Structure formats: C-alpha cells, structure tokens
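Heads up, the thing below is written out as structure tokens.
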C-alpha cells in the first residue's frame, strides 16, 4: 500500500510517499480503507523523533482516519465491510489502509464528509476528555483555552458553546487569529502576542480567576496559569511546547486548593480509550449528527503533499484542522 514514510527523523522534508506492507485486522480490530486523515501536533513531534508510538502500534504517522471498513477481525460484530467509519488509531493513519480497535471506531453521520470526520477523533475527543471529563466545568464558570486557532482549542470552544452555553470562554490567540476566534463565539479573546493573559484574566474575572484552564504550552505558562486560576480551579496540561520544567509555589496551590492535571490520550490502555470514546460517541456525536457542531477544516492536501501540510501547521497557517486526502 501507499504510505507516508520517513527517510530519518528531522524536518518536514524527510517525509515521502512510499510503499509499506498492508496491515491486517487482528482479533477485535477493524481494517479501514482510508479516505482521509489529518495532521496533528503529535505527528510533528513524532517526525522529529520525540514521540514514539505505543508498543504494538504502527510507526507510520497519523492518529485518526476516516474511510470504509475493508475487513473485520474475529470478535467484531458491530461493524461490517462497507460501513463508513472514522477511528482513533495509535499510528498508521498516513496510509491507504489502517487498523483500529473496534472500540475506537465510530460511524460517520450522514451529514459529514470523510474529510470532516477525519477531523474529529484526535482533537474533539482530546478537548472533551480534558476540558469536561477532567476539568469538570459548571454553568457560569470561566474557562481559559490557550491557542485559539489550533484544532484542540477550536474544538474545545465549540464544545463549550454546545454543552455549557452559560460558561464564559476566554481564549488566547495570536494577533492574526483574534478576529476569527471572536467570530467562532469566544466570550473574550486575548492577543497573547501583545498582552499578558494573566493580567487580562484578572480584569475579565474581577480578580476571581478562571475555573478551568486547558493548556498545551507547559512550563512557559505555568506561573501565569497558576495566577489565573481561581480558588479550587483545575489546570489541565496536555502539551509541553513551552518546556517541561518550571517552578511552582506549592503553598499557594494548597491554600487556593488548586489542581494541576496532566493528561495524554495516545498512551492510554486500549480498554480505557474505548470507554472514553463510548462516552464521547453517546454525548458529543449527536451534536455533529444534528449539525450543532461542524468540524473545522482549515486546509486540505493530497497525501503526497504531506510535507507541505506539516509546514502549514508549523507556520501556524491553520485555523482548525489540516486534512490529508488519500
């Protein structure tokens, strides 16, 4: 089969379209003929040699796919050949065929294209898990989302509007994306290039701080995130683009009863991811099927232009998801 391969770890120029063995569906698995996949930040990190796939998963890049069921393994009864599906995969998405565990596969609603469906798993499930399941916001809460133009945070903003419309969303964004984040429905948008988000949060919340923060920056934002967090607030860290080490005033955290929660999706056990996806399928997918939430497709590239797609993400050209068509 055709698949995106790596000459060696490095920049986007190391990616090329080559040939790889076609995978087979094992017990409890589904083989999917891929119509579309998408580019996610972990793909960039893996390409650079810093994010290996979990043991047993494909070393080919790609964490989500949409397409049709080609074959099913033993012990699979929920899907059949020809079903239109999308799935979360531990690797292998940048290819003509990919294997997914049946518990990580969902049916595509009739109103969504393959390209739209390929945008859902990695970003919307990540946003739902971390903002809602772990962050536990309530009506009237303030929610701070960092990186307003990225896939996870645009997804989180859409989910907040659909699931918790009484919440106040504060989104940080780069200067050229501020207007688009506002158009998407954020309650407040902070240009982090020109203003201190901690000071802006203090002003917006009347000094109380925010109840939930979804952060992918890590160390560089820790101090200001803690300043921005309300008493009893939860900081959910899902990325380390800004480093892995920072000082923390534990005494203040204790007095203010704040929580810092670290979270990743890819390395969780198969059964645990199946439970997360089942919850997402029941709670969130009806919002896609009804059109209340529409996946944000920013750019679409054919698979052979994968290097161009990676550069678009690295240059911050996207607003929403970057899709690869197969």
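Coordinate-derived values only; no laboratory data. Since this is a predicted model, take the numbers as computed values, not measurements. Quick reminder, even Gly has a Cβ in these numbers, built from the backbone with ideal geometry, and neighbours come from all protein chains shown.
Quick notes
- Shape of the chain from the C-alpha gyration tensor: prolate (a/c of 1.5 or more and a/b above b/c, with a ≥ b ≥ c the square roots of its eigenvalues).
- Nearest 10 degrees, 0 to 90: helix 219-228 Cα axis against the chain principal axis: 50 degrees
- Neighbour counting of Cβ atoms within 10 Å sorts the residues 78, 141, fewest neighbours leading, into 78, 141.
- Subtracting the Cα-Cα distance of residue 283 and residue 162 from 0.36 nm times their residue separation leaves 42.5 nm of extension gain.
- Additional length obtainable on full extension of the chain from residue 264 to residue 220, 0.36 nm per residue less Cα span: 14.0 nm
- Residues 75, 57, ranked from the fewest to the most other C-beta atoms within 10 Å, line up as 75, 57.
- Judged by the gyration tensor of its Cα atoms, with axes a ≥ b ≥ c, segment 124-262 is rounded; a/c sits under the 1.5 cut.
- Segment 64-198: C-alpha gyration tensor shape, a/c 1.5 cut-off, then a/b vs b/c: prolate
- For segment 107-148, taking the reciprocal of the average inverse distance between every pair of different Cα atoms yields a Kirkwood hydrodynamic radius of 12.2 Å.
- Exposure proxy shown here: for 175, 37, 68, the number of other Cβ atoms within 10 Å sets the order, fewest to most, as 175, 68, 37.
- Only beta bridges with both residues in the chain are counted; by DSSP, about 55 percent of them are antiparallel.
- Estimated FRET transfer efficiency (residue 290, residue 8; beta-carbon r; R0 41 Å; 0.05): 0.35
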